[in-house]
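Visitor: Take a look at this one; I'll ask things after.
Throughout, read-outs are computed from the coordinates displayed, never taken from laboratory work. Quick caveat: nothing in here was measured; it's all calculated off a predicted structure. As a convention, Cβ positions derive from the backbone with ideal geometry for all residues, glycine included, and neighbour counts pool all protein chains shown.
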Amino acid sequence: MTLTSKSIRRTVFLFAVAGVVLAWAVLGATLLLDTTRPVRLVAAFAAALATEGLFWLGVGLLGWSAVDRRQALWHWITGRRAANGEVS
């Protein structure tokens, strides 16, 4: 298998998503296991940082125009019509 730019970006993004899911799972575990407040705080901070990092990684991989057009993208994903009556 040859590594293309698209496959590398997809792999990096999937690893980042896995990291975010893991960070949120750890936060959930700290809440369920009734850990101390500092441990919960660190887990919440790590989950928030991972989520923010995933957002900016997406900006870097997709480009700012994809983020700038997020409303049109959301309308396209959900199949709803835009304000002007057109499907985006």
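Visitor: Can you give the charge dipole size of the chain about its Cα centre, rounded to the nearest 20 debye, using +1 on the beta carbon of Lys and Arg and -1 on the beta carbon of Asp and Glu? Display every interim value, and only then the final one.
Guide: Working: 9 positive and 4 negative charges, 37 e Å.
So the dipole magnitude of the chain works out to roughly 180 debye.
Visitor: Here's something else I'd like to know. On full extension of the chain, what length is gained from residue 73 through residue 55, given 0.36 nm per residue of separation minus the C-alpha to C-alpha distance?
Guide: Using 0.36 nm per residue and subtracting the Cα-Cα distance, I get 4.9 nm.
Visitor: If I require 27 Å or longer along the helix axis, counting alpha carbons, and a Kyte-Doolittle average no lower than -1.0, what helices from the chain are left? Use full DSSP H segments.
Guide: Result, helices passing both filters: 5-32, 37-62.
Visitor: Across region 5-63, how large is the tail of the calculated P(r) beyond 12 Å, expressed as a percent of all Cα pairs? Show your work: numbers first, answer last.
Guide: Working: 1145 of 1711 pairs.
Here the long-distance tail beyond 12 Å is 67 percent of all Cα pairs in region 5-63.
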